[in-house]
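> First the structure, then my questions, so here it is.
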Amino acid sequence: MQINKTRLKKRLLELAQIGGNPKDGWTRLAFSAEDQQGRALIKRYMNEIGLYIDEDPVGNIFGRTEENREKAVIALGSHIDTVPNGGMFDGALGVISALEVVQSLKEKQDSLKVPLEVVVFANEEGSRFNTGLTGSRGLTGSLRKEELNFLDSDGISLGKAMEACGFDPARLDQAKARNGKYQAFFEIHIEQSDRLEMEGKQVGLVDTVVGQLVIECVVYGQANHSGTTVMTRRKDALVGASKVITGIQELALQMGGDFVATVGKIDAYPNSVNSIPGKVSFTVDIRDISHEKIIQGLEQVKSLLKHAVGDGNFELRVLEEQLPTILSRDLSGIAESICQRENLPYQYVPSGACHDAQVMSMITDSCLIFVPSIGGVSHCPEENVEWEDVYIAAELLYRVVEGI
């Protein structure tokens with residue numbers, strides 16, 4: 001192998017020392033202290049490799065092999081922020097693999113044919129502020145300014161969290177200014193499903209990425225005393241919300257195919273043991289390969305709300321939207337040829353999760369390579385991969401970039 005397997009594994013394990021452990025999982029929420037520690041470690045690695053380091057107004061980190069920013073580059077990267085109590089490999093695998101590929105290429109070539117850049121995207125997961133892919137959307141010019149006002153559970157806005165870490169989201173347009181300087185983008189990521197494992201494949205070449213619509217629903221009732229308010233005269237917002245939530249489960253089953261819908265976050269107010277909930281907010285994450293089916297799902301959720309609580313007793317707003325995406329067949333075709341030549345078991349697969357590679361496809365050819373997930377589990381402490389599959393993916397990316 002051309003890559004250094006020992007170095008790759010060592011760095012992944014070092015990053016895993018920040019923000020968690022195998023028992024409780026990893027929590028490096030975007031722009032948190034743990035996230036900042038992880039970013040500092042990545043910049044240390046970039047310095048070791050001899051990369052020119054830069055950060056943009058929304059918190060993306062760039063490590064380039066050449067100081068001249070005007071030259072178009074081949075970029076590789078992912079993210080290091082996590083969901084709460086998430087896994088060790090989600091995002092981190094792509095960043096550390098990118099560093100390893102670039103370092104190995106620098107060590108083995110006197111001069112690179114094309115400048116390379118490692119990108120660490122900010123706030124990919126979106127768990128803290130209910131909006132994700134912030135860094136890649138900032139870079140591509142698709143981040144809405146109003147998202148900077150989205151709040152976390154402590155009432156801190158995304159924009160203020162950025163500022164607390166030394167960034168300047170008011171200069172959002174300057175992040176977009178870089179987006180004409182990419183020849184291609186590559187991302188290695190864990191599959192987060194069991195398709196590859198079930199088929200006995202070591203490499204997944206992603207052809208399509210699902211679309212996603214994240215909405216927030218707010219149901220209104222009347223807060224009241226839980227002991228003195230008779231059951232027949234209650235306006236319990238949580239009861240109404242529960243009817244909608246169970247309806248969403250049935251809706252997703254009826255839609256079938258690749259359609260999924262998830263209620264992942266719920267807040268009840270006043271959230272007291274002896275108070276009837278007067279307001280409930282919850283998120284709905286809708287995904288499908290078909291944008292039309294996503295819109296159908298949205299309309300069905302609206303219908304469920306009207307039926308359960310009535311007009312005037314709910315609000316709905318869109319938090320985030322990503323259209324279904326077809327990735328570059330030219331780039332995946334190069335990877336496919338190498339897999340065939342090296343007799344690597346591979347398969348073209350769709351991605352049920354949104355990724356930075358999907359967003360980057362708005363401005364350049366983009367390639368997403370999957371590493372099989374053991375048991376198909378992710379976003380949990382049990383998330384795991386086979387190390388040999390990690391090395392194969394990194395070596396494959398090395399060969400692809402070397403040949404461009």
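What follows is calculated from the coordinates using simple rules that are stated; it is not laboratory data. Model, not experiment: these values are computed from the prediction. Cβ coordinates were reconstructed from backbone atoms using ideal geometry, including for glycine residues, and neighbour counts include every protein chain displayed.
> Positive end of the dipole of the chain, charges at C-beta (+1 Lys, Arg; -1 Asp, Glu), about the Cα centre: which of H355, A393, V371 has its Cα farthest in that direction?
H355
> Another one. So if we plug the beta-carbon distance of M231 and I266 into 1/(1 + (r/R0)^6) with R0 = 30 Å, what FRET efficiency do we get, rounded to 0.05?
Working: r = 22 Å, r/R0 = 0.74.
So, using R0 = 30 Å, E works out to roughly 0.85.
> Let me know the charge dipole size of region 178-253 about its Cα centre in debye, to the nearest 20, where only the beta-carbon of Lys, Arg (+1) and Asp, Glu (-1) is charged.
That gives a dipole near 540 debye.
> Shifting gears a bit: Once the Cα atoms of helix 33-49 and of the chain are each reduced to a long axis, what angle between those two axes, in degrees from 0 to 90 to the nearest 10, is obtained?
The angle comes out at about 10 degrees.
> With springs connecting C-alpha atoms under 10 Å apart, model the chain as a Gaussian network and identify which of Q103, Q192, Q254 has the largest mean-square fluctuation.
Q254
> Given charges of +1 on the Cβ of Lys and Arg and -1 on the Cβ of Asp and Glu, with all other atoms neutral, how large is the dipole of the chain about its Cα centre, in debye to the nearest 20? Each step should come with its number before you reach the end.
Numbers: 41 positive and 57 negative charges, 132 e Å.
Here the size comes out at about 640 debye.
> Provide the FRET efficiency to the nearest 0.05 for the N68-D154 pair, computing r from the beta carbons and using R0 = 45 Å.
Details: r = 42 Å, r/R0 = 0.92.
With a Förster radius of 45 Å, E is 0.60.
> Under 5 Å between amide H atoms, partner at least 5 residues away or on a different chain: which partners does L76 have, H built in plane at 1.01 Å?
For L76, the qualifying residues are E117, V118, V119, F186.
> Based on DSSP H runs of at least 4 residues, each adding -39500 (n - 2.57), what is the mean residue ellipticity at 222 nm of the chain after dividing by all its residues, to the nearest 500 deg cm²/dmol? Walk me through the numbers on the way to the answer.
Details: 12 runs with 142 residues, N = 404.
That calculation yields -11000 deg cm²/dmol at 222 nm.
> Hey, another quick one. Angle, helix 291-309 long axis vs. longest principal axis of the chain, Cα atoms, 0 to 90°, nearest 10?
On a 0 to 90 degree scale, this one is about 20.
> OK, next. Which one of G25, A98, N271 is farthest out on the positive end of the charge dipole of the chain, using unit charges on Cβ (Lys, Arg +1; Asp, Glu -1) and the Cα centre as origin?
The one lying farthest along the dipole's positive direction is N271.
> Return the distance in nm (one decimal) between the two label points of a simple spin-label model at E321 and K108, each offset 7 Å from Cα along Cα→Cβ.
4.5 nm
> Compute a Gaussian network model of the chain, connecting alpha carbons closer than 10 Å, and tell me which residue from G86, G333, G20 fluctuates the most.
G333
> Please check: in the Gaussian network model of the chain (C-alpha springs, under 10 Å), which one of R233, R44, R329 has the largest mean-square fluctuation.
The residue that fluctuates most here is R233.
> I'd like the antiparallel share, as a percent to the nearest 5, of DSSP beta bridges with both residues in region 59-208.
On the way: 5 of 15 bridges.
Rounded to the nearest five, the antiparallel share is 35 percent.
> Is there a pair in K160/K181; K243/K302; K5/K108; K113/K201; K71/K106; K9/K113 whose C-alpha atoms are over 21 Å apart, and which pairs would that be? Numbers along the way, then the final one.
On the way: K160/K181 29 Å; K243/K302 13 Å; K5/K108 15 Å; K113/K201 32 Å; K71/K106 17 Å; K9/K113 27 Å.
Table pairs above 21 Å Cα-Cα are K160/K181; K113/K201; K9/K113.
> Right, next: Label points 7 Å out from Cα along the Cβ direction at N343 and L41: separation in nm?
Placing both labels 7 Å along Cα→Cβ, they lie 3.7 nm apart.
> If the only charges are +1 at each Lys and Arg Cβ and -1 at each Asp and Glu Cβ, what is the size of the charge dipole of region 218-345 around the Cα centre, to the nearest 20 debye? Working shown, then result.
Numbers: 13 positive and 15 negative charges, 142 e Å.
For this selection, approximately 680 debye.
> Could you tell me the center-to-center distance, by alpha carbons, between region 73-135 and region 187-209 in angstrom?
With region 73-135 and region 187-209 each reduced to a Cα centre, they are spaced 18 Å.
> Still on this structure, please answer the following. Can you sort V118, V385 by how many other beta carbons sit within 10 Å, fewest first? Don't jump to the answer; show the numbers that get you there.
Numbers: V118 30, V385 19.
So the residues, fewest neighbours to most, are V385, V118.
> What ³J(HN,Hα) values, in whole Hz, does the Karplus curve 6.51 cos²θ - 1.76 cosθ + 1.60 give for region 233-244 when θ = phi - 60°, with x put for Gly and Pro?
So the Karplus estimates, Gly and Pro as x, are 10, 8, 10, 7, 5, 6, 5, x, 5, 4, 5, 5 Hz.
> Can I ask one more? How do T232, T65 line up, fewest other C-beta atoms within 10 Å first? Could the numbers behind the result be given before it?
Numbers: T232 5, T65 22.
Taking fewest neighbouring Cβ atoms as first place, the list is T232, T65.
> If you consider only alpha-carbon coordinates, what radius of gyration and Dmax does the chain have, in Å?
When restricted to the Cα atoms of the chain, Rg and Dmax are 22.2, 80 Å.
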